[in-house]
Structure formats: structure tokens, C-alpha cells
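Structure first, then comments.
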Amino acid sequence: MAVTVFRSFQVYASNVQARRQLLTGSRALNHFCQKMRQFAVCYFDSSILKNQRDFQCTSCRNYYMKLENHISSVVETMQHLGEANNNLKSNSKSVDEQIFLKELNQWSSCKDIFKFVSSLESLSDIMVAAIFQRLGEVQLQDNLMKSPEELMESYIFKSLCLQLEQESANLSDFALVNSLNGLTKLCVDPCSTLMVRLVSESQERLDKGQMSIKNLCILGEGLFNLGGPEHTMLEQVMNQIQSTNLEDWNVEEMVLVYRTLQIGIGRTGKFQNLLNKMNSFAESEDYQFTPRQTSTVLNALVVLDETQVNNLIIRLCKHASCYIPYFTDDEMINVLEAFIHFRCSDQCFTEALERHVIKFAFVMHPNTISKVMQYCSRLCILSKPIFNAVAETFVYNADNFTISQIVEQVVPFGKLNYLPPCAPSFFRQVERLVRMRLSEFEPHVLLNLLHSCILVKCYPLNFMEKLFSPYFLQQLQAESPSLKIFSQLTQLFLTVQLECPYYKNPGLHLNYQVKSFHTRCESLESKVDLHLFSKVKIGMIDLLGDQKYFACNVLTPYHYTIDIEIKLNEEGFVLPVNAQDEVYERIALCIDDEKRFCANSHNLLGKESIKQRHLKLIGYVVVQIPFFEFNPLNNKNDVLDYLHKKVFPNFYSFHE
């Protein structure tokens, strides 16, 4: 853990290996103060400036920056960051606050932010708070600080921190809580003088009981970042929020409280009563959420696992259908995650998503595209327009994707049993990427990717030797020794045997093969729907006269389980179940309910398609009994007529 010290507070950077002190001891402090003299703090007559205070920012040139108190809302202003055109020049000497915030949001590194800030003459305290917030966003990646030296060595940052500490009592409530919140995201030491002063000042204002809901929520998030859910001030913050009249809250305040509960405060269940009231109120009131607010509330409901508020979720999903063109990438990901979590499938949303992806697939962030494919995969939504657009994008842009993005975009094609028009180019690209970046794949991830390819008759023969090698198998066992892993290996081996007989390389050892693809968890075969199965079974008894002429749930030597099996001799007579020697032909009835198809489609899932394909290759006559054909049958005669034509299209007879 590296510790960077300047003035009176520390910033911790976990990815810095060596401990480096920038400014330590009185000598260093004197040096820092000498640097600051040319930017000495200037205080103006309050009667002239209406209680405005001056802060300075240190840079490589002689100037000072005035940090003025401002009564406008940080949260309200920052919610609109980036939504307007850029009408601010980088060398401007003074800027309007809202334009400043919009410009600030465009910079994606602390170097660019400091360069932009150094071009300005004056800043309000809210602007400085926004700077800390933005620095927190750009500096943190996967909860680790990015290039902390660049931040720590900036005199602008040091100057703002020093003056923030000196002027904490004169900050507006919004500037105070946002500055505290932003600095916690930068992992500033909670015991530093700066943080202690900001927390102390927050406590004094909290004790007065005059903070707005917005300020309380921002303060709550900062305190949670400092001390977790047990921070001593958090309960006081939440008690003040609960003491207000929920009916007086506006939409923005409601969203902020959801967000505050989401970060961890509400996960303990301590404030479940407040959450229940909010859910009920949000359901009953006709709130017009913005795209950002819709995304925030849905994300909060996911994190808090509020599965009982179906009406609210449905309403938010309808809002989301209208807002798809206006979501940012992060907001879109949150919305899609909510649809996946709550298993919410809306036709209007899918159609709007199709229009959006077709138009913007080539410029969408890879994470967003991956989440779109995950949404389709998890809800079994075969959207050909989306799949075609994603496949085209993959062919041209896949070199820029991470391993997880590659897998998340390829696997759904196999799962939902769909080949796009550009399938040859698509799978050539997949093979090329696997070959080039083979060492980057974790064993179970590589297996999952290659297994998905065989579901759509794309055979990864160039990688079979690696998959069946003892070293790779040992890696798989050590990493994730689950039945699904062995089932996928077995099905890969079976596919090569049945569909690629010319492949002669070493096979899969028996120790790694499963007896049945039908397992309790993550089975490669779908369980038969008992209601549909019962109806078909009764129909078959009526048709054949006795249950002894067919068997149910038959496990084959090739690992598949057949719903109903009928045996015939060479002359076409139906044999009893126990007949062995006279069997010439076997009929496999696949009783396919809705779960074996893509949603709202007659397209079989990949695992069902490969099963029926393999049953045909091992000699079965496969007869499919799909739900959409069988369920509409109204009476016994219709059922008998249907089964007769389906199972025995020519004739049938019995042989005892």
C-alpha cells in the first residue's frame, strides 16, 4: 500500500508499489507555502461580494482562482452533464457554472481536467466540488486508482485541497457534501485534517436539522464510503430522511434516496419500511422519470433485490422502452441488467432496442453490445435484427474486444440456435481470435465458447486436441469441477464422433465423460413439461391401446434422455417395451414445450436442436411434438388423429 503525503492529508493508492512522500515535515511544508505565496488567499468585503469567499488554485503561471459560494444545486446541475452542446472554449478566462460542468464532464483524465481548470479565472465552491467528483470518476477503474502520481503531483489539486480545508466553514451545504463525497471516491485518508474538518462541519450542519433531502443523500453516500454501513453519522442522516413527509418529495429526491439505499445502506434491511413506502408511493404516483432516473431506480431495485414490486418494475420498463435512444451506455447497461434480473420481457422494449442496435451497433460501447446479447440470451429472445447487427460489428471490431466481451457476444448464437447471414466471416473471426489470444482464455471460458459453436454446426476441430489434453483437463478440474464442464466435454466429443468422423486425433478419456446430459443444475437437456407430457402420454395410450408399447424417459448409450421411445421390428410392427432382439427401428418422441424454444418463437434452442440432430445420427426416427401444435387440440379424436399422422404417417400394427 503506497501512501502519498502532502500538507495534512494522505491519499492511498493500492496499485502503487513503493511508498513515496511528496511533501513531508516542516521543511517540505515551508517549501509548499513558498509556492503558495504568489497565490495568497484574498478575502473580499462580504458586503460587496454577498458572502462570497476566495479560493486559489496553484499552477505554473501567476493567477488566482476565486471559489465562490453558490446556492444552486450540484446534483440538479450535474444530472444534465453532457446533454448540451459544447460552447466553451478551452482558453476562456471565466465561464458560466452550468457550461463549466458540461465541459468538465467531457474530460477523461486528470491531466485534461487540470489543464482545463488552469485556463479559468474563477470557480464557485460548487465547481470545485464538481472537480473532485469528476476526478473520482476518471481516476477509479475497477475500484483501483489509476495513475495516482499524476493526481498527487498536481499543484492545482494540492491548492484546492488546502483551501477547501481552510474554508470548510464557508462552503454551501451542497459544496460541502459533494466535496466530501468526491474526496472519499479518491480514497483520501479519513483521518486527515481535511477529511476530519469536512466531516466535523457536516456533523454541525446535520445537527441543525436543516439539510435538504439532496444534501442528506449525498452526505450519506460519502459517509458510507468513509466508514461503511456502521458509520456513526449514517443513522442520523437516515433518521432525518425518514422524518420528512414522503408525499412532499419530488421525483429527483425520490431517485436520490433510492440511490442512497442502493449503495449499501439499504441492504441490511434496517430501512426496509422506508423502502416499502417508497415503492408503494412510486407505484401509485404517476412519476415521469427521466432516462437517467429510470436507469437509477431500476438499478437500485436490482441491487436491493426488490422482486415483489412488479407494478413498479413494469411501469419503469415501459418508461425504458421510450427512452432507449436517450440512454447513455452505462444507463442502458443498468436497464438491461434490470430486465434480466426481473425476467421482464417486453415486446415494445425489444422492438425499440432492435431499432437502436441496427442504427448504432458500430458506435456502441462493447460492454453495451455484450449486455444486449446477454439480455437476449438470458431471456431466450431471438431477435434476428440484433443478432445480425452484432455479428457484422463483431467481424469488423472484434480485435478491440476483451475476452469476456467476445464470449458474451458469441455464445448466444449457439444457445439460441441462430446463424447470421455473415456466419462464415463471423466464425472465421472467432477462430482467428481464439488462435491469437488462446493464452488469455480461462479454461472454462474457452470450453463454453467452443461448445456454443457446435450447437450451430461450427466445429472447432483445430482446438480439440488442446481441449482433450490431460493438462487442460486438469486445469478445468482445478478451476471448476462441475457436471456442466464434463457434460460440455462429453457433448463436444460426441459431436466430433457423429458429425466429423474424419477427425482421428485423441479423444476424451472415459473418466471425463458423463453418463447423462440430464443433470440437476445447468443441464444440457431441458426437462419435459409434466403437463404437456401427461397429455401426450394419455394420447399415446389411447392410440396404441396399452402403455407396454412405449417407454418413457429412456436414457440412451449416447447420454441423451428420450421423452418417449417406441420400438419397431423390420416389418414395421410395434414391439413391446421389453423386446430386444427383434428391434429394427426406434422412434424418439420429443415433447417440446415453450421452454425448449426461443421466446415467442418456433425456433428450437441450440441444446434441443443438437439433441435431435444427434438422435437422428445414431439411428432414431425423431418425431417432434411441439406445444404449438398439440395444445390447440380440443378433444380426444383430434389428439388421436394428430398422433397417428405424426408418429405413424403411413400405418402401424402390433407384434406380440
* What nm distance separates the two modelled labels at residue 404 and residue 554, each placed 7 Å from Cα along Cα→Cβ? -> 4.6 nm
* Which Cα, out of 643, 619, 597, lies furthest along the positive dipole direction of the range 513-656 (beta carbon charges, K/R +1, D/E -1)? -> 597
* Calculated FRET efficiency, residue 362 and residue 546, Cβ-Cβ r, R0 51 Å, to nearest 0.05? -> 0.25
* Placed amide H near residue 597: partners under 5 Å, 5+ positions off or other chain -> 605
* Asked: Once you list every other residue whose beta carbon is under 15 Å from the beta carbon of residue 382, what net charge do they have if Lys and Arg are +1 and Asp and Glu are -1?
  -> +2
* To do: Once you have a ≥ b ≥ c as the square roots of the Cα gyration tensor eigenvalues for the range 525-587, tell me rounded if a/c is under 1.5, and otherwise prolate or oblate according to whether a/b is larger than b/c.
  => oblate
* Identify the residues of the range 284-312 with backbone N under 19 Å of a label point that sits 7 angstrom from the Cα of residue 322 along the Cα-to-Cβ direction, or state none. => 284-299, 311-312
* Do you know the relative contact order of the range 444-546, to the nearest whole percent, from alpha carbon pairs under 8 angstrom that are 6+ apart? -> 25 percent
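Please give the contour-minus-distance gain from residue 98 to residue 500: 0.36 nm per residue of separation, less the Cα-Cα distance, rounded to one decimal in nm.
So the extension gain works out to 138.3 nm.
Using alpha-carbon pairs under 8 Å, 6+ residues apart, how would you state the relative contact order of the range 194-280 in percent? Walk me through the intermediate numbers first.
Values: 45 pairs, mean separation 25.0, N = 87.
Once divided by the residue count of the range 194-280, the mean separation gives 29 percent.
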* Sorted by average packing, counted as other Cβ atoms within 10 angstrom per residue and highest first, what order do 110-122, 404-416, 513-525 take? -> 404-416, 110-122, 513-525
* Structure fact -> For the range 409-487, whose charge dipole is built from +1 on Lys and Arg Cβ atoms and -1 on Asp and Glu Cβ atoms, the candidate among 448, 458, 487 with its Cα farthest towards the positive end is 458
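Under the classification rounded if a/c is under 1.5, otherwise prolate if a/b is larger than b/c and oblate if not, where does the range 306-383 fall, given a ≥ b ≥ c as square roots of the Cα gyration tensor eigenvalues?
Working: a/c = 1.68, a/b = 1.53, b/c = 1.10.
Since a/c reaches 1.5 and a/b is larger than b/c, the shape of the range 306-383 is classed as prolate.
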* Structure fact -> Proxy exposure order for 502, 323 (fewest C-beta within 10 Å first) is 502, 323
* Give, rounded to the nearest 20 debye, the magnitude of the charge dipole that the range 458-560 has about its Cα centre when Lys and Arg contribute +1 at Cβ and Asp and Glu contribute -1 at Cβ. => 120 debye
* Sequence ranges 103-109, 490-496, ranked by mean other-Cβ count within 10 angstrom, highest first -> 490-496, 103-109
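How much of the DSSP bridge set in the range 525-638 is antiparallel, in percent, rounded to the nearest 5?
Working: 12 of 19 bridges.
Counting DSSP beta bridges with both partners in the range 525-638, the antiparallel share is about 65 percent.
With a ≥ b ≥ c taken as the square roots of the eigenvalues of the C-alpha gyration tensor of the range 394-435, please select rounded if a/c is under 1.5 and otherwise prolate if a/b is larger than b/c or oblate if it is not? Numbers along the way, then the final one.
Values: a/c = 1.86, a/b = 1.26, b/c = 1.47.
Note, shape of the range 394-435 comes out oblate.
Looking at the range 113-256, I'd like the Rg to Rh ratio, where Rg is from alpha-carbon atoms and Rh is Kirkwood's inverse mean 1/r. Intermediate results must be reported in sequence, preceding the final value.
Details: Rg = 15.5 Å, Rh = 15.9 Å.
Taking Rh as the inverse mean 1/r over Cα pairs, Rg/Rh reads 0.98.
What percent does the relative contact order of the range 322-473 come to when contacts are Cα pairs within less than 8 Å and at least six residues apart? All intermediate terms of the calculation are to be shown ahead of the outcome.
Working: 127 pairs, mean separation 31.2, N = 152.
Taking the mean separation of contacting Cα pairs over the length of the range 322-473, I get 21 percent.
Just so you know, all these numbers are worked out from the coordinates, no wet-lab data involved. Because the structure is a prediction, the values reported are computed rather than measured. Every residue, glycine as well, gets a Cβ built from its backbone with ideal geometry; the counts of neighbours run over all protein chains shown.
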